[in-house]
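Each remark here refers to the structure printed beneath this line.
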Amino acid sequence: MLRRLAARFPGVLDLDLSQSPSRSFYPGVIDDDLNVIASSFRNLRVLALQNCKGISDVGVAKLGDGLPSLQSLDVSRCIKLSDKGLKAVALGCKKLSQLQIMGCKLVTDNLLTALSKSCLQLVELGAAGCNSITDAGISALADGCHHIKSLDISKCNKVSDPGVCKIAEVSSSCLVSIKLLDCSKVGDKSIYSLAKFCSNLETLVIGGCRNISDGSIQALALACSSSLRSLRMDWCLKITDTSLQSLLSNCKLLVAIDVGCCDQITDNAFMDGEGYGFQSELRVLKISSCVRLTVAGVGRVIESFKALEYLDVRSCPQVTRDSCEQAGVQFPAGCKVNFDGSLLESDPSAEMFF
């Protein structure tokens, strides 16, 4: 099929052969298919191969040999891939600007070193779950790739403050999104560094980074007051009302925030009425398992955030559907309020912001 497609449409620029994670037919796309792609679609710019579990380093190396114009490659959850095949891509595809390798657990710092030497135009790297990556790899990446805009190293639990601080300093105002979910060794030094260097930061995910405290979040709120749009910091157990007050008072463009399971959050995190002095753009607020929160705090939320579209109050023992009705809390017609369900379940309408 691919050969027939190539014969008819040799100028194809964008090819998506991704497989569904739940309905994929193993082996599906295989190395032979990648060989056809590399030899027949020489002008290809974008290639997506998500969940193609049948491909290996042998096939991916062919892409490096045959696709010199490739700019974007997505091999997320292609579990057989390692540094060997992807280094060949780095060496042959010097125009690469976007690389997604989420869930490729065999990848190590060696690939990031290769990217830093060959792919100087790289602006986006998604490496969530590549848990062999360390600070040394992130620092090596920063040495060559100076204009990273988006970096996702969630669940890379060997990464800590030195790596994050290096990428923050080098990428500086270019960096608009960094995701560090469950990077348990990341602490306040990283956040202070982002505040110091990354004035255009729009998205920050630090959920599960339990060493982060109020001081660094306050610094971030002031430094990124004109850029920050979404912040996920659930399970940051040192966070208190002080952080939330600072974010909501300073970050005028903030549209989504998640402080789920931050059990020191109380009603005092939210001001009465128009206390923020500007029209808030907040559309998503996740405060699940904030056990000190009461109906009075929810009332303040409704008064202050007129644009709110999604409010998550699951597992808040003092905030239930009945208690809100008894208190006469009137939720906006367009606002979905999530009272029930497991915290393991996510809502796509909210998760898209993080």
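Distance from the C-alpha centroid of region 65-141 to that of region 274-335: 42 Å, rounded to the whole angstrom. Once the 1.4 Å probe is applied to the protein heavy atoms, region 224-354 comes out at 43 Å² accessible per residue.
If I compute solvent accessible area with a 1.4 Å probe over the protein chains, what percent of it on region 119-190 is carbon and sulfur? Here it works out to 51 percent.
For region 157-206, the solvent-accessible area with a 1.4 angstrom probe is 37 square angstrom per residue. Excluding ligands, DNA and RNA, the accessible surface per residue across region 77-117 is 43 Å² with a 1.4 Å probe. Among the listed options [x] 44, 20, 18; [y] 31, 27, 19; [z] 41, 23, 17, the one matching semi-axes √(5λ) of the Cα gyration tensor in Å as calculated from these coordinates is [z].
Ranked by the mean number of other Cβ atoms within 10 Å of their residues, highest first, the peptides 88-96, 303-311 fall in the order 88-96, 303-311. When both region 181-226 and region 154-176 are represented by their alpha-carbon centers, they are found 11 Å apart. In region 1-96, what percent of the accessible surface is made up of carbon and sulfur (1.4 Å probe, ligands and nucleic acids excluded)? Ligands and nucleic acids excluded, carbon and sulfur reach 54 percent.
A probe of 1.4 angstrom, applied to the heavy atoms of all protein chains, finds THR294 with accessible area near 30 square angstrom. Relative to the dominant Cα principal axis of the chain, helix 83-92 is inclined by about 70°. Quick check: at a probe of 1.4 Å, how many percent of the accessible area of region 255-353 sits on carbon and sulfur atoms? So the carbon and sulfur contribution to the accessible surface is 48 percent. Only Cα pairs under 8 Å and 6+ residues apart enter the sum, and on that basis the relative contact order of the chain stands at 8 percent. Backbone phi angles across region 213-229, fed through the Karplus curve with coefficients 6.51, -1.76 and 1.60 (θ = phi - 60°), yield HN-Hα couplings of 10, 4, x, 6, 5, 4, 4, 5, 4, 6, 6, 10, 5, 9, 10, 4, 10 Hz in residue order; Gly and Pro are listed as x. As a calculated quantity, the FRET efficiency between LEU5 and ASN200 at R0 = 35 Å, using C-beta atoms, amounts to about 0.30.
Among the listed pairs LYS189/LYS252; LYS62/LYS149; LYS166/LYS306, those with a Cα-Cα distance over 30 Å are LYS166/LYS306.
The values are calculated or read from the model by the stated rules, or taken from the named source; none is laboratory data. A quick note: this is a predicted structure, and the numbers were derived from the prediction, not measured. When we count neighbours, we look across all protein chains shown, and the Cβ atoms used for this are built from the backbone with ideal geometry, even at glycine. These area figures cover heavy atoms from the full protein model, side chains too; ligands, DNA and RNA do not enter into them. Shrake-Rupley method; radii C 1.70, N 1.55, O 1.52, S 1.80 Å.
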